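**Q** Below you'll find the structure I mean.
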Amino acid sequence: MSNICEILAVGTEILLGDIINTDAAYIAGRLAALGFSSYRQSVIGDNDGRLCDAIREAFGRADILILTGGLGPTCDDITKTSVAEVFGLPLEMHEKTKEDIEAFFRKRNRVMTENNLAQAMIPKDAVVFANDWGTAPGVAVTGIPLGMAEEKTAIMLPGPPSECEPMFTERVEPWLAARSGFTIHSLNLHLYGIGESGAEAILRPIMEESRNPTVAPYACEHEVRIRITAKGETVEECRRLCEAMAERVAATEAGQYIYTRSETPWEAKNAIVLKLIDSLRQHGKTVAAAESCTAGMFCSRIGDIPGASDILLGGVVSYANEVKENILGVPGEILRTVGAVSEPCAAKMAEGVRRITGADIAVSVTGIAGPGGGTPEKPVGTVCFGLADEKGTVTETVQFGYKSDRAKIRRLTVARAMMNIIRRLEER
């Protein structure tokens, strides 16, 4: 099997800008990790003629085409029919998929309309990928398209990211690896406190020299991720290669910024909160938070992780000064003189929520997320942090900038507060 792929998103709603095509970004990242080349991404609307043309054009450049969207039960879900037309294949009822769809509705006490069975119509002799996250299965068709001379593969996945992402990782990746005759394994090193260009400058000699495994930096919102990807005959062989390279990276100047590692996409996405929870558990500590500008986002991120209740005791969302003063115990004089966005306020917030909850470690955040509310002295993006534990209370002020991106400032604030706890625990 050739390793040249293309990604084709199907859906007029993407062309109109109603939704953002995050599927393509996710799949492209996973293809790169698997060692497949992807040179083009396209979007096509829900029109059979144009979709068939787009599939044929893609097959003129690539041997593997990954299509997302258009697998649902409605009349504009045309991906399977268009792929079947290009390959000259009939659609047949796939009994196992039919049973799965019926069970899906039965378990939820919902009435299944007849059009849902369209999702069980599959091109003849296609491979079916079971969908444990929804109803429409994934499908892979391999053969020689009409009018062509070489074998091609079309892989179809549901459009919703909550289905597309796990299906690609859990179903498609092993299938592609098996057909390609090799195994791929990736290890991510997560760095905090250094930018992508800085990490790349340090690691460039290793990146240029190494071919297997490969080493590549990726700039994420609050960190840099170094992805090490090895290709081999077995997972064990790939792991050994990745571990050896991880040791080389850790021995460079970049090593001081590594705070954790991950292997799966879910671990990579949640790396900082997973590291926080693991560190708190290892030290037998509990945490609480007093949040102003993040409005509970810190506690919510921890709550996203199953079983995190053993380390998270609670929190106080304290937007109003009255809440800071009357519940958290911030002295009114601090609020009147230096203001709510100040290190003295952050200190008292952290101490107050620790006292209320009985947590071992408490953090606080108070800042100006914008887009309004800033001043020359305290511009938008200014955030004050507090941390209180049995060793005492520490504070800091960070200027994140990003004046027009309120959501980003809040996410960066949460990541910083989590990293402050991780580093505090490492001091012990």
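**Q** Please pick out the residue among G339, G358 that is assigned by TED's automatic domain parsing to the domain that holds V287 and either closer than 18 Å to A417 by Cβ or touching a Leu at 6+ places or on another chain (Cβ under 7 Å) (or both).
**A** Every option except G358 fails the conditions.
**Q** Using beta carbons and a limit of 6 Å, which pairs, at least six apart or on different chains, have the first residue in segment 284-304 and at pLDDT 95 or above and the second one of a type in the set (S, T, N, Q)?
**A** Every condition considered, the pairs that remain are A288/T357; A290/S318; A290/S364; S292/S318; S292/T366; T294/T413.
**Q** Select from segment 148-205 the residues that are in contact (Cβ under 8 Å) with a residue 40 or more places away in the chain and of a type in the set (D, E, K, R) and list them in ascending order.
**A** E150, E151, K152, E165, R171, E173, R179
**Q** Find all pairs meeting these conditions: Cβ atoms under 8 angstrom apart; at least six residues apart or on different chains; first residue within segment 29-49 and crowded, with 17+ Cβ neighbours inside 10 Å; second residue of a type in the set (A, V, I, L, M) and part of a loop (DSSP other than H, G, I, E, B).
**A** D46/I78
**Q** Of everything in segment 207-221 that's surrounded by fewer than 17 Cβ atoms within 10 Å (Cβ to Cβ) and touching a residue at least 12 places away in the same chain (Cβ under 8 Å), which residue is farthest from E267 (Cα to Cα)?
**A** It comes out as S210.
**Q** What number goes with the only condition from (1) of a type in the set (G, A, S); (2) at positive phi; (3) over 21 Å from the mean Cα position of the chain (by Cα) that G193 does not pass?
**A** (3)
**Q** Quick one: which of T252, T260, T286, T264 is under 17 Å from H185 (Cα atoms) and of a type in the set (S, T, N, Q)?
**A** So the residue among T252, T260, T286, T264 that is under 17 Å from H185 (Cα atoms) and of a type in the set (S, T, N, Q) is T264.
**Q** In segment 168-186, which residues are surrounded by fewer than 22 Cβ atoms within 10 Å (Cβ to Cβ) and within 16 Å of the chain's Cα centre (by Cα)?
**A** Answer for segment 168-186, where residues must be surrounded by fewer than 22 Cβ atoms within 10 Å (Cβ to Cβ) and within 16 Å of the chain's Cα centre (by Cα): T169, E170.
Okay, residues lined up against (1) farther than 15 Å from E343 by Cα; (2) modelled with pLDDT of 90 or more; (3) among the hydroxyl-bearing types (S, T, Y):
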position	(1), (2), (3)
V380	yes, yes, no
A388	no, yes, no
G392	no, yes, no
T395	no, yes, yes
Y402	yes, no, yes
K408	yes, yes, no
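**Q** Which condition breaks for A244 when tested against (1) assigned to a helix (DSSP H, G or I); (2) assigned by TED's automatic domain parsing to the domain that holds E200; (3) crowded, with 16+ Cβ neighbours inside 10 Å?
**A** The failed condition is (3).
**Q** For the subset of segment 112-164 comprising residues that are of a type in the set (V, I, T) and more than 33 Å from the chain's Cα centre (by Cα), which member is surrounded by the fewest Cβ atoms within 10 Å (Cβ to Cβ)?
**A** Ranking the candidates gives T113 first.
**Q** One residue is enough: does segment 187-205 have a residue meeting the conditions in contact with a helix residue (DSSP H, G or I) (Cβ under 8 Å, 6 or more places away or on another chain) and modelled with pLDDT under 90?
**A** No: segment 187-205 contains no residue that is in contact with a helix residue (DSSP H, G or I) (Cβ under 8 Å, 6 or more places away or on another chain) and modelled with pLDDT under 90.
**Q** If you take the residues in segment 66-84 that are assigned to a loop (DSSP other than H, G, I, E, B) and of a type in the set (G, A, S), which one is modelled with the lowest pLDDT?
**A** Once the filter is applied, the top-ranked residue is G72.
**Q** On to the next question. Taking the stated definitions as given, is V323 within 28 Å of H283 (Cα to Cα), assigned by TED's automatic domain parsing to the domain that holds R281 and either surrounded by 14 or more Cβ atoms within 10 Å (Cβ to Cβ) or modelled with pLDDT of 95 or more (or both)?
**A** Spelling it out, it is not the case that V323 is within 28 Å of H283 (Cα to Cα), assigned by TED's automatic domain parsing to the domain that holds R281 and either surrounded by 14 or more Cβ atoms within 10 Å (Cβ to Cβ) or modelled with pLDDT of 95 or more (or both).
**Q** Further question on the same structure: A230 - would you say it is touching a residue at least 24 places away in the same chain (Cβ under 8 Å), under 23 Å from G35 (Cα atoms), of a type in the set (A, V, I, L, M, F, W, C) and in contact with a helix residue (DSSP H, G or I) (Cβ under 6 Å, 6 or more places away or on another chain)?
**A** In short, yes.
**Q** Determine whether I78 is assigned by TED's automatic domain parsing to the domain that holds I19, among the aliphatic types (A, V, I, L, M), within 18 Å of L157 (Cα to Cα) and in contact with a Phe, Trp or Tyr (Cβ under 9 Å, 6 or more places away or on another chain).
**A** no
**Q** Give the residue that is farthest from the chain's Cα centre (by Cα), with candidates limited to residues of segment 283-341 that are charged (D, E, K, R) and part of a loop (DSSP other than H, G, I, E, B).
**A** Across segment 283-341, the extreme among qualifying residues is K285.
**Q** For the structure I just gave you, tell me whether A136 is touching a residue at least 60 places away in the same chain (Cβ under 8 Å), of a type outside the set (S, T, N, Q), more than 30 Å from L412 (Cα to Cα) and in the same structural domain as L67 (by TED's automatic domain parsing).
**A** yes
The values are calculated or read from the model by the stated rules, or taken from the named source; none is laboratory data. Given the structure is predicted, the values throughout are model-derived calculations rather than measurements. Quick reminder, even Gly has a Cβ in these numbers, built from the backbone with ideal geometry, and neighbours come from all protein chains shown.
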